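Novice: If you scroll down you'll find the structure; I have some questions about it.
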Amino acid sequence: MLSSSCRVSVSITAVVATAARTTPKIPNFRFLGLKKFQLASNPSFSRCKSRMEVSHLANFTTRASAQPLKNADELIDSVETFIFDCDGVIWKGDSLIDGVPETLDMLRSKGKRLVFVTNNSTKSRKQYGKKFETLGLSVSEEEIFASSFAAAAYLKSIDFPKDKKVYVIGEEGILKELELAGFQYLGGPEDGGKKIELKPGFLMEHDESVGAVVVGFDRNFNYYKIQYGTLCIRENPGCLFIATNRDAVTHLTDAQEWAGGGSMVGALSGSTQREPLVVGKPSTFMMDYLANEFNILKSQICMVGDRLDTDILFGQNGGCKTLLVLSGVTSLPMLQCPNNSIQPEFYTNKISDFLSLKAATV
Ligand SMILES: [Mg+2]
């Protein structure tokens with residue numbers, strides 16, 4: 001049976017009853033209001049805790065534990081589309097992960113549609129296309145969905161007025177996608193070096209025709225951008241607040257975790273007291289867009305990713321099958337940590353296991 005998951009989101013009483021059936025490894029204390037005390041004294045907590053996992057502790061939603069992928073053919077035959085996250089799945093930094101070209105070729109030869117989705121908004125579709133090409137992968141721009149593209153696609157989907165402007169806190173990828181979509185914008189890298197001189201009586205002017213502020217990962221984030229975006233959101237009637245993603249951390253180097261796009265979004269959220277509309281994972285906007293664009297049923301999609309709180313949640317929120325690969329940020333102990341409530345249907349080491357697991361079942 002491929003679909004062993006059984007998502008439940010019900011009252012605590014019902015969850016306790018269901019937990020005994022679906023998540024035997026998870027102690028019942030998680031459902032009895034004793035989480036804090038028990039977790040503090042649980043030795044495994046310190047081994048596998050992470051911000052992501054802690055943030056999901058209060059979520060009384062559980063699934064059956066993830067199963068190791070044993071029969072790749074069965075999974076491949078059960079869907080028509082594979083959505084792949086990129087970093088940690090296809091590549092790591094600038095290095096291709098072993099066996100990726102052969103795996104993608106095999107899936108294409110079986111007539112599967114391949115889509116690549118990333119929360120990284122620093123590049124446009126075209127720029128990502130170049131990265132795939134540099135790594136020797138033949139992927140068309142139309143198969144790539146970055147959150148920079150999602151921001152522009154969202155504005156298009158709501159018929160954002162062409163006479164309004166978009167203020168961008170983020171990098172080049174967002175600007176390029178807005179330009180391609182025909183929107184006027186300001187900000188972005190150009191505001192990276194701007195400083196504010198706080199003389200007595202100083203007042204910052206802002207463009208009253210800004211109708212949306214888009215916030216993404218920005219390595220030149222500064223107080224000027226925070227204040228400009230805040231003024232637009234707070235003072236321009238109806239101004240939208242859009243986030244490409246709210247990732248807590250990103251992996252700029254392999255030595256440590258770095259503050260992610262969520263840190264920039266959090267600053268604007270703090271100053272405006274508004275919550276953004278998120279267009280990247282795990283929001284379902286991109287999933288809905290893809291399903292509509294390619295006319296596919298979400299149940300015919302398998303989401304493959306290396307992060308539980310973005311990729312796997314994205315797949316689950318969209319009603320897709322989910323496969324976690326352990327070639328990126330999530331380790332097996334993190335997946336199996338009692339605190340982790342996000343369970344994919346399957347997990348495996350890397351996507352090229354599709355080839356070996358396939359051979360083993362012949
Ligand atoms: Mg990833």
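Novice: Residues in the stretch 249-256: is at least one surrounded by fewer than 19 Cβ atoms within 10 Å (Cβ to Cβ), at negative phi and either in contact with a helix residue (DSSP H, G or I) (Cβ under 9 Å, 6 or more places away or on another chain) or in a helix (DSSP H, G or I) (or both)?
Specialist: Yes: one or more hits.
Novice: Here's something else I'd like to know. Can we say GLU197 is at negative phi and either modelled with pLDDT of 95 or more or within 26 Å of the chain's Cα centre (by Cα) (or both)? First the steps, then the outcome.
Specialist: Values: at negative phi: yes; either modelled with pLDDT of 95 or more or within 26 Å of the chain's Cα centre (by Cα) (or both): no.
The answer is no for GLU197.
Novice: Continuing with the same structure: For the stretch 154-168, check the following and say yes or no: at least one residue is among the small types (Gly, Ala, Ser) and under 19 Å from ASN222 (Cβ atoms).
Specialist: No, there is no match, as no residue in the stretch 154-168 is among the small types (Gly, Ala, Ser) and under 19 Å from ASN222 (Cβ atoms).
Novice: Hey, THR310 hits all of (1) within 20 Å of ALA64 (Cβ to Cβ); (2) within 16 Å of the ligand (Cβ to nearest atom) but one; which does it fall short on?
Specialist: (1)
Novice: Another question about this same structure. Considering only residues that are crowded, with 20+ Cβ neighbours inside 10 Å and away from the ligand (no atom under 11 Å from the Cβ), which ones fall in the stretch 82-96?
Specialist: PHE82, ILE83
Novice: Looking at (1) within 13 Å of the ligand (Cβ to nearest atom); (2) in contact (Cβ under 8 Å) with a residue 60 or more places away in the chain; (3) surrounded by fewer than 19 Cβ atoms within 10 Å (Cβ to Cβ), can you tell me which one LEU326 breaks?
Specialist: It is condition (2) that LEU326 fails.
Novice: Just name the residue that is modelled with the highest pLDDT out of those in the stretch 268-304 that are surrounded by 19 or more Cβ atoms within 10 Å (Cβ to Cβ) and of a type in the set (Gly, Ala, Ser).
Specialist: GLY280
Novice: Still on this model: Under 6 Å between Cβ atoms, which residue pairs at least 6 apart in sequence (or on different chains) link something in the stretch 147-162 that is farther than 12 Å from TYR289 by Cβ with a partner that is surrounded by 24 or more Cβ atoms within 10 Å (Cβ to Cβ)?
Specialist: SER148/SER121; SER148/SER124; SER148/GLY173; SER148/ILE174; SER148/GLU177
The values are calculated or read from the model by the stated rules, or taken from the named source; none is laboratory data. What you see is a predicted model, and the numbers here were worked out from it, not measured in a lab. All Cβ positions, even for glycine, are placed from backbone atoms using ideal geometry, and neighbour counts span all protein chains on display.
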